[in-house]
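The values are calculated or read from the model by the stated rules, or taken from the named source; none is laboratory data. Here the structure is a predicted model, which means the values were calculated and not measured. As a convention, Cβ positions derive from the backbone with ideal geometry for all residues, glycine included, and neighbour counts pool all protein chains shown. Just so you know, the surface numbers come from the protein's heavy atoms only, side chains and all, with ligands and any DNA or RNA stripped out. Shrake-Rupley method; radii C 1.70, N 1.55, O 1.52, S 1.80 Å.
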Amino acid sequence: MDMMQKLLFGLICFFWSWGILFAQSGDKSSIRKRGLPLMKSYTLTDYPVLAHNHQIAQGKRGIIFIANDNGLVEFDGINWRQYQTPEQSSLKALACVKDRIYVGGNGDLGYFAPDKQANFTFVSLVPQVKQFNFPLPVFTKVIATGSQVIFFSAKGLYLYEVDTQRFKYIASRTKFLNIFQSATHLFVQESNRGLFLLKEKKLVPLIGSEVLSSKRVQCILPYNQTRFLIGTQHDGIYVYDGQGCTEWKRPINTMLKATQLYQGIPLSQNYFALSTFDEGLLLLDRQGNIVQKISKQFGLPSNVISSLFLDDQQRLWLGFAQGVIQIDVFSPLRVYNQKQGLVGIPYDVIQFQGALYVGTSQGLFRLDSQELAGQFVQVPRSKGVNQSLVKVSNQCLLSGHAECLLKVEKNQASVLPFRGNVMRITPLDTVHRNTWLVFTKDGLYTVNINQGKISAQVKVKGLPIVFDESTRVVIDTNGFVWTSNANQGVLRLKLTNEADSIQNVRLYGKATGLPSSANNRVFRIQEQLVVATKKGVFQYNATKDQFEPHPFTQQLGTQAAVLWVGEDAKKNIWVLSERDIILLERSHKHPKYHKKVLFHDIVKLRQSPFIHFINEQRALIAVSNELLSYDLTHRAKRDTSFSALI
């Protein structure tokens, strides 16, 4: 990457971070409890340079740097690059100051600086420190303040003045255990001597910290303007108020005493991240409650986390022995997938009897509304493809299975006497006859269901097409049934009064205003029939009996195929294209819509995605083989996107 490319990337990072979804003030950012956060994994198998990642930092252009066993690793959001010292030292620590990357490792310290081509070369600072201690120790941390860079080792502190380019050395009397930067303070722990403040290049004993002298401190976190949280390896967390230390009376301490705390960093004014040796990652609020626990069970390569870092876009980076993971902890998007018991491709979602049911390619799965942060459980005897879910009564749920109709009562599935590969179920007359339309791969059926039992079923005669996964159904106010499949345009059906045959059928395609006769899906928005097509959204003009581009199609653009369109309780329009999740937000003052691309290229959407609005606060978006939970109360200040960029 040349200098111009890096400058362009830095500008992209700046403007992108300024408008990022969760770039809000610290007290407004929140971590959602439901589902898993979005995670991007960079494994050692795919990226061989990512071995034993000890410390992570971010440069002024937004580029990520990692100190690991292979030297200095640079990541610009797309490419990984490796730089080594002349001795090819294993690097343990680093800090970014302007355009320099200061590093420390096994008997080595110095900095990497960019040349005119923006490639990094190493400048050793070893000759300047030989006078203090030689051979040099292992440097395990590098910390940068406004005027100096501190190279930390067990034997001593090497304080480098950036302006004068001179070192000052502070030797340990016993053994330095750790150094911490918290707010504007620097703390140092020395074995058998306790905690010290580093002030004006001198170590000053920390008043009232004697209780910690025999404990191994792993992190010091700012709690408020006068207090700090001090995390220990085996003895939980203490609160330091400037005069003394008291144990933090919170449930988290019980867990921490049973495991080993390794590291901790603040995420915002209200949240902290803790890494452990065997419990994975713990996300805490300032009251000490565990908001979320993310372990190997939920996607981490290991429960042992070597390093934590929060970048300028509030994304959390985790370093491991074999790779790196990036987590969007503050994103309004959360994920439900097989790690939480939801197996297969989601086809339909329904809320029923206080629970969330999801029909997938592998079965029907249930999640109690009280346990929305918990695990999905498969409904017994529902194995197989479940593509359509409808409520037929307060006691009975119907699932369209690949082989039959399933009745779900009291969390149990049973087979109804109907055979067929069901694509879609739609109510036709639930007032007088309780009649349902069942669209299958071999045709259309009308089924009467009373008290959870099928009282009659008829295959509708005279239908020219069969149905597939992309089939959608809309019944308009005139009683016409509008439907489609992947290859044969849009059909308007008129059934006989007995609903046993087709009285009238009309096919709509290119000749009636649609851009194509294939890949059309019917929906209802704004009490109007619309069709999602390869070139935007088209609306039906009943006077002309033709389709024409919907007014907001110009806002959407005609380049990306629209796969799903719908509206929420506030009459905002939501659109799923092949690559984008788009919100057309309704104006309160004018009958206009403002376009926001909420997420671009987050995942390639499969051919039949959908959105299920749980309530005014939350929606579920089906993409690929996952469900994304989106917080509708979140408001982005600008159009935003999620991609590989940092």
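So here's what we get for this one:
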| read-out | value |
| --- | --- |
| Whichever residue in the stretch 533-564 is among the hydroxyl-bearing types (Ser, Thr, Tyr) and in a loop (DSSP other than H, G, I, E, B) and, among such residues, is surrounded by the fewest Cβ atoms within 10 Å (Cβ to Cβ) | 543 |
| Strands (runs of 3 or more DSSP E) within the stretch 83-197 that include 2 or more residues surrounded by 15 or more Cβ atoms within 10 Å (Cβ to Cβ), among the small types (Gly, Ala, Ser) and touching a residue at least 24 places away in the same chain (Cβ under 8 Å) | 91-97, 100-105 |
| Test result for residue 208, open to solvent by less than 20 Å² (accessible area, probe 1.4 Å), farther than 24 Å from residue 141 by Cβ and over 31 Å from the mean Cα position of the chain (by Cα) | yes |
| Filter pass, residue 589 being modelled with pLDDT under 90, at negative phi, of a type in the set (Lys, Arg) and in contact with a Lys or Arg (Cβ under 8 Å, 6 or more places away or on another chain) | no |
| Residues within the stretch 225-263 that are assigned to a strand (DSSP E or B), farther than 20 Å from residue 298 by Cα and hydrophobic (A, V, I, L, M, F, W, C), tallied | 6 |
| Residue ranges of strands (runs of 3 or more DSSP E) in the stretch 264-328 with at least 3 members open to solvent by less than 10 Å² (accessible area, probe 1.4 Å), at negative phi and modelled with pLDDT under 95 | none |
| Meets criteria (of a type in the set (Gly, Ala, Ser), touching a residue at least 12 places away in the same chain (Cβ under 8 Å), closer than 21 Å to residue 262 by Cβ and touching a helix residue (DSSP H, G or I) at 6+ places or on another chain (Cβ under 7 Å)) for residue 231 | no |
| Test: residue 220 is aliphatic (A, V, I, L, M), at negative phi and free of Cβ contacts under 8 Å to residues at least 40 places away in the same chain | no |
| Count - residues of the stretch 516-532 that are farther than 20 Å from residue 478 by Cα and surrounded by 23 or more Cβ atoms within 10 Å (Cβ to Cβ) | 2 |
| Answer residue from the stretch 467-506, given it is of a type in the set (Lys, Arg) and more than 19 Å from residue 422 (Cα to Cα) and is most open to solvent (accessible area, probe 1.4 Å) among those | 506 |
| Matching residues, the stretch 426-438, being among the aliphatic types (A, V, I, L, M) and surrounded by fewer than 22 Cβ atoms within 10 Å (Cβ to Cβ) | 428, 431 |
| Which listed residue, of 332, 346, is crowded, with 20+ Cβ neighbours inside 10 Å, in contact (Cβ under 8 Å) with a residue 24 or more places away in the chain and touching a Ser or Thr at 6+ places or on another chain (Cβ under 7 Å) | 346 |
| Top-ranked residue of the stretch 604-616 - restricted to ones that are at pLDDT below 80 and crowded, with 18+ Cβ neighbours inside 10 Å, ranked as farthest from residue 555 (Cα to Cα) | 608 |
| Candidate set: the stretch 54-70, residues that are among the small types (Gly, Ala, Ser) and modelled with pLDDT under 95; chosen: the one farthest from the chain's Cα centre (by Cα) | 59 |
| Residue 391 vs. criteria touching a residue at least 12 places away in the same chain (Cβ under 8 Å), more than 30 Å from residue 66 (Cβ to Cβ), basic (Lys, Arg) and in contact with a Gly (Cβ under 6 Å, 6 or more places away or on another chain) | no |
